[in-house]
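Each remark here refers to the structure printed beneath this line.
The values are calculated or read from the model by the stated rules, or taken from the named source; none is laboratory data. Since the model is a prediction, treat every value here as computed from it, not as a measurement. Reconstructed Cβ throughout: ideal geometry from the backbone, glycine too, with neighbour counts over all protein chains shown. We work out accessible area using only protein heavy atoms, side chains counted, and drop any ligands, DNA or RNA first. Shrake-Rupley method; radii C 1.70, N 1.55, O 1.52, S 1.80 Å.
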Number of protein chains: 2
Amino acid sequence: MKRSYEELTKELKMKNIRLSHQRLKVLEYLTIHMDHPTVDQIYNGLHKEIPTLSKTTVYSTLSALADAGLVRIINIEDNEARYDIRVADHGHFKCESCGTIYDFQANIDSLTTVDLKRFDIKDKNLYFKGCCPTCLVGKNEASLSK
Amino acid sequence: MKRSYEELTKELKMKNIRLSHQRLKVLEYLTIHMDHPTVDQIYNGLHKEIPTLSKTTVYSTLSALADAGLVRIINIEDNEARYDIRVADHGHFKCESCGTIYDFQANIDSLTTVDLKRFDIKDKNLYFKGCCPTCLVGKNEASLSK
DNA sequence: TTATTATGTTGTAATGATTACAATATTGAT
DNA sequence: ATCAATATTGTAATCATTACAACATAATAA
């Protein structure tokens, strides 16, 4: 999923988004870190390389990229947005124990119902919550040792 | 969907939730107002009847009811949670123009994928965004009059 | 290249939903 | 009626996100 600086430049141009070092770097960060990072993680990750980077810029860049359809904003919990470079149809599973967000295949389009016949649907989101296999192992061990 | 105070009392007892006037009233409010209200709307709606009501109580009550599975928290936008008394499987459509949240039928269980075979799924959420029929009419009229 | 204009970036300060907490009140059980 | 556990209340804190104004940079045309 990692793409070169040049490829990313082309993607932004195609979407008519003005080029800037910051925007390219945010986009690049998302292609490398596909674990649905928070704004803070993106900011901290890029801060070393771009010491003048402002968190406001990260927010406005992500908002611009999302508007252009290059990035998807994930709102699962109400306390912190996550960002995903994968814009194709898929679901998210958030483990309530470790906080990890997993991607999973899902044909969301198959769900479209008659209830929404006259609605203009722009964005479809599917997310599950629960406990991931890794954390389930930990829980089982904990209950066995009681 | 409206239920009597006595019926709601039974529901709370069945879930082993301690009874209080505030909790019953919050629950009752949700059975009457099924338009996915915010905490502020619930608080303001009940404030007349219960002048001593605190917003903290509304939060903690909703949290307790959600834990018991009597209420569903809807996080579509990141800025404000909405609450829904309908806990059965269904999707939400949020109109980005007027802000209304519509319910729609959807068999979310049919989506379960192999990717999540070993996951313990506790909660499934589906939401779409876009423009509702009412607002679409307004937009068409606006573009015609240009 | 240079000048011009539009747009992006930055830092600080505000916003606003949600939570923490301690004092008080109420519930449920004995 | 008493008592322990839990709920309510009000205030203050938290913290992600946004507003804004000064400044910097990118795109465009000469």
Problem - Highest-fluctuation residue, A:17, A:76, A:121 considered, GNM on chain A with Cα pairs under 10 Å - result: A:121
Handout entry: Extended-chain gain in nm, criterion 0.36 nm per residue less alpha-carbon gap, residue A:80 and residue A:59
Key = 6.3 nm
Practice task
Taking a label point 7 Å out from Cα toward Cβ, give me the nm distances from residue B:20 to the same spot in the other copies, shortest first, one decimal.
Solution key: 4.8
Problem - Interface size A-B, as summed buried accessible area [1.4 Å probe, Å², nearest 100] - result: 3200
Fill in the blank from the handout: Within the set B:38, B:113, B:61, GNM on chain B using Cα springs under 10 Å gives the largest fluctuation to B:113
Problem - For residue A:38, inter-copy label distances in nm, listed shortest first [label point 7 Å out on the Cα-Cβ vector] - result: 2.3
Exercise for the section: Just add up the charged neighbours of residue B:102: K/R +1, D/E -1, any other residue whose Cβ is under 10 Å from the Cβ of residue B:102. Expected result: -2
Fill in the blank from the handout: Magnitude of the Cβ-charge dipole (Lys and Arg +1, Asp and Glu -1) of chain A about the Cα centre, nearest 20 debye, reported as 260
Practice task
Kindly express, to the nearest 10 degrees and within the range 0 to 90, the angle between helix B:21-32's C-alpha long axis and the longest C-alpha principal axis of chain B.
Solution key: 30
Exercise for the section: For segment A:1-120, with all protein chains present and a 1.4 Å probe, just round the carbon and sulfur fraction of the accessible area to a whole percent. Expected result: 47
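Past 27 Å, Cα to Cα: identify those pairs from B:10/B:55; A:122/B:124; A:117/B:25; A:13/A:122; A:15/B:124, in the order given.
Over 27 Å Cα-Cα: A:117/B:25; A:15/B:124.
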Practice task
Using a/c under 1.5 as the rounded threshold, could you call segment A:88-146 rounded, prolate or oblate? The axes a ≥ b ≥ c are square roots of the C-alpha gyration tensor eigenvalues, and prolate needs a/b larger than b/c, oblate otherwise.
Solution key: prolate
Exercise for the section: Specify the angular offset, from 0 to 90 degrees and rounded to the nearest 10, of the alpha carbon long axis of helix A:55-67 from the longest principal axis of the alpha carbons in chain A. Expected result: 90
Handout entry: Global geometry of chain A, whether rounded, prolate or oblate, following the gyration tensor of its Cα atoms and the 1.5 cut on a/c
Key = oblate
Fill in the blank from the handout: Residues meeting the amide H criterion for residue A:123 (H placed from the backbone, H to H distance under 5 Å, 5 or more places apart or on another chain) are B:129
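Which value in deg cm²/dmol, rounded to the nearest 500, describes the helix-derived mean residue ellipticity at 222 nm for chain B, given -39,500 (n - 2.57) per DSSP H run of n ≥ 4 and division by the residue count?
-11500 deg cm²/dmol, from helical runs alone.
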Practice task
Rounded to whole Hz and in sequence order, give me ³J(HN,Hα) for segment A:41-47 from the Karplus expression 6.51 cos²θ - 1.76 cosθ + 1.60, θ = phi - 60°, writing x for Gly and Pro.
Solution key: 5, 5, 4, 5, x, 8, 4
Problem - For segment B:104-109, 3J(HN,Hα) per residue [Karplus equation, 6.51 cos²θ - 1.76 cosθ + 1.60, θ = phi - 60°, Hz, x = Gly/Pro] - result: 9, 5, 6, 8, 5, 4
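Ignoring ligands, DNA and RNA, what accessible area per residue does segment A:1-87 give at 1.4 Å, in Å²?
Working: 4700 Å² over 87 residues.
Per-residue accessible area for segment A:1-87 comes out at 54 Å².
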Fill in the blank from the handout: Rounded to whole angstrom, the alpha-carbon centroid of segment B:46-79 lies from that of segment A:56-129 at a distance of 25
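Work out the FRET efficiency for residue A:33 and residue B:35 from their Cβ-Cβ distance, taking R0 = 25 Å, and round it to the nearest 0.05.
It comes out at approximately 0.05.
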Practice task
Mind telling me which of B:53, B:27, B:116 comes out most flexible in a GNM of chain B, alpha-carbon contacts under 10 Å?
Solution key: B:116
